[in-house]
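Student: Can you read through this structure? Questions will come right after.
The values are calculated or read from the model by the stated rules, or taken from the named source; none is laboratory data. Small disclaimer: the values here were computed from a predicted structure and weren't measured. Note that we place each Cβ from the backbone using ideal geometry, even for glycine, and neighbour counts take in every protein chain shown.
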Amino acid sequence: MIKFDRVTKRYPGSFDAIKKTSFEIEQGDLVFVTGASGAGKSTLLKLIAGIERPTSGTVLINNQNVSQLKTAAIPYLRRNFGLIFQDHKLLYDRNCFENVALPLHINGILGEEAAKRIRAALDKVGLLSKEKSMPIALSGGEQQRLAIARAVVSRPAILVADEPTGNLDEDYAADILSSLYAFQQVGVTVIIASHELPHIIPENIQNVVKVLQLQHGELTA
Amino acid sequence: MNQWLNQYIQPLSMVLGRMRQNLLGSILICCVIGLTLSLPTILFTIIDNLGQVTGNLENRPQLNLFLKLDVSNSTKEAISEQLKKHPGINKYEFVSKESAWEQMQQNASTAEISASLNKNPLPDAFFVTPKDIKPENLQRLQKEMQQWDGVESAQVDANWIKRLDTVIKLGKKVIFVLVILLGIALITIIGNTIRLQIMTQLEEIEVSKLIGATNQFIRRPFLYAGTLYGLGGGLAGLLVLYAVVQLFNTSVTEIADLYASQFRLSMPNANIIGAMLLSAIGLGWMGSFVAVNRALAKIDQV
């Protein structure tokens, strides 16, 4: 599904953020990308989600070479992904319902069909009762759950979460992680970046977890 | 089909909603555009009306053909025949030298002069009223008739109409320059308005791009906003023009009545109004297109 072959990413005027990295992610995998700050986790996720293009090497997503994609095709590639950002990137000028509606609007899904799916996504993260609330009125954990609802509402094949638990206390973090695991259980490929592996990984998924450990832009495990 | 239509209606209703939220701002922008548009249109209306006045003047300019003194009757008839057939001539009148002489003797102011002359010095003459009174056409007609056999001189009595025509031409040039300058100003005004809106929605644009929005999707609401501003501005401009014409007419009729004239300013015809609205919409679209493309290019760089 996602294949990296000797991928290097260098930002202008800087060292290599990712160095000659090769790996493969299969459909339905649960992948943890771990490493200290500055190890290149975010860059790796951006390469995976087609937000950045590699400086050298090839990134294949669904057998499409990202480097060779036309700019106009990039948006359609990105629609395969549900993105969860560390800073949520919620829109604070609209309520929860409208925040979750954005990906559907982008996909041209509107009206009743959209409303049904938005409520289903909000229900899945336990925010159905707050659809009319503004994001600013939500707690940190709730905001992150809203971000998850927005990421999954268009039913992407791949879910990418950049430090989804970074700012949360342990209870909230476990809460968020278990909802991400739930998507892996229904066949979604889930890719999570975090400082370290979570202390407790449920037994039923222990055997499917893959770990990509990064150190100074290189894979160590 | 419904889905396809929705992707155009949804951003439109979103834009309308935002405009309603910021009603005062939207109205002010429309006013600015309207006032800018009204300047050249008011000028155009005045010039256009002046042009129409010259078109239906009662004392149209005349061409006077003075014949040679020794001209024969057959030549006179030939000229008369030529005038009758000529497509550019409305009517003509022949005044023989005898009748002119008679008139001169009867006229109190010229009777003394005629008494001091012992023979008729006047030539036969044709007084020609042409159909077309454009100065250049008059000039051409005059040159043509000057060449005719038996014609001593062909004179045009149309200096004032030439002057008026020059003024109107100058006015049209002024409008042309004004339209171009104000068009650029409008693109800038609308572009800047849209740029400010983009800045307040930069987050939304960035997030949308990250989760797979095409540039077209992002552009659409801003293009709609620019177009709507253009339309609103066009209508506001029309309103201003109408108000000015009405205001002007109340005082113009007073003056016109004093001169026993029917002159009134009239609104430009539907074509002109349509062109004005369309150009306003076009400029609005263009201004927002430029602004949103610049913003998208900037985001793509990051």
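Student: Looking only at region B:212-229, which residues are within 11 Å of chain A (Cβ to nearest Cβ) and of a type in the set (Gly, Ala, Ser)?
Tutor: B:GLY212, B:ALA213 - these are the residues of region B:212-229 that are within 11 Å of chain A (Cβ to nearest Cβ) and of a type in the set (Gly, Ala, Ser).
Student: Test B:VAL240 against the stated conditions and say whether it is surrounded by 13 or more Cβ atoms within 10 Å (Cβ to Cβ), of a type in the set (A, V, I, L, M, F, W, C) and part of a helix (DSSP H, G or I).
Tutor: yes
Student: Output yes when any residue across region B:138-146 is under 18 Å from the mean Cα position of the chain (by Cα), part of a helix (DSSP H, G or I) and crowded, with 17+ Cβ neighbours inside 10 Å, and no when none is.
Tutor: Checking region B:138-146: not a single residue is under 18 Å from the mean Cα position of the chain (by Cα), part of a helix (DSSP H, G or I) and crowded, with 17+ Cβ neighbours inside 10 Å.
Student: Restricting to region A:100-131, count the residues that are surrounded by 18 or more Cβ atoms within 10 Å (Cβ to Cβ), at the interface with chain B (Cβ under 8 Å from one of its Cβ atoms) and assigned to a helix (DSSP H, G or I).
Tutor: Residues that pass the stated criteria total 4.
Student: Another question about this same structure. With the requirement that a residue be at pLDDT 90 or above and in contact with a Ser or Thr (Cβ under 9 Å, 6 or more places away or on another chain), what does region B:165-181 give you?
Tutor: none
Student: Quick check on region A:3-31: of everything there that is crowded, with 19+ Cβ neighbours inside 10 Å and out of contact with any helix residue (DSSP H, G or I) (no Cβ under 7 Å at 6 or more places or on another chain), which residue is farthest from A:ALA157 (Cα to Cα)?
Tutor: Once the filter is applied, the top-ranked residue is A:THR21.
Student: Against the definition (crowded, with 18+ Cβ neighbours inside 10 Å and in the same structural domain as B:LEU39 (by TED's automatic domain parsing)), how does B:LEU202 come out, yes or no?
Tutor: It is false that B:LEU202 is crowded, with 18+ Cβ neighbours inside 10 Å and in the same structural domain as B:LEU39 (by TED's automatic domain parsing).
Student: Testing B:ARG163 on (1) within 14 Å of chain A (Cβ to nearest Cβ); (2) surrounded by fewer than 17 Cβ atoms within 10 Å (Cβ to Cβ), one condition comes back false. Which one is that?
Tutor: Failed condition: (1).
Student: Follow-up question, since we're still on this one. What pairs can you find where one residue is in region A:143-154 and facing another protein chain (nearest Cβ under 10 Å), the other is polar (S, T, N, Q) and in a helix (DSSP H, G or I), and their Cβ atoms are less than 7 Å apart, with a gap of 6+ or different chains?
Tutor: A:ARG150/A:ASN99
Student: Next up: Being at pLDDT 90 or above, under 19 Å from A:ASP29 (Cα atoms), under 15 Å from the mean Cα position of the chain (by Cα) and assigned to a loop (DSSP other than H, G, I, E, B), is that true of even one residue in region A:137-156?
Tutor: yes
Student: Could you please find all residues in region A:89-99 being buried (at least 20 other Cβ atoms within 10 Å of the Cβ) and facing chain B (nearest Cβ under 10 Å)?
Tutor: Selection gives A:LEU90, A:ASN99.
Student: While we're on this one: Does B:PHE248 meet the test of being part of a helix (DSSP H, G or I) and crowded, with 17+ Cβ neighbours inside 10 Å?
Tutor: no
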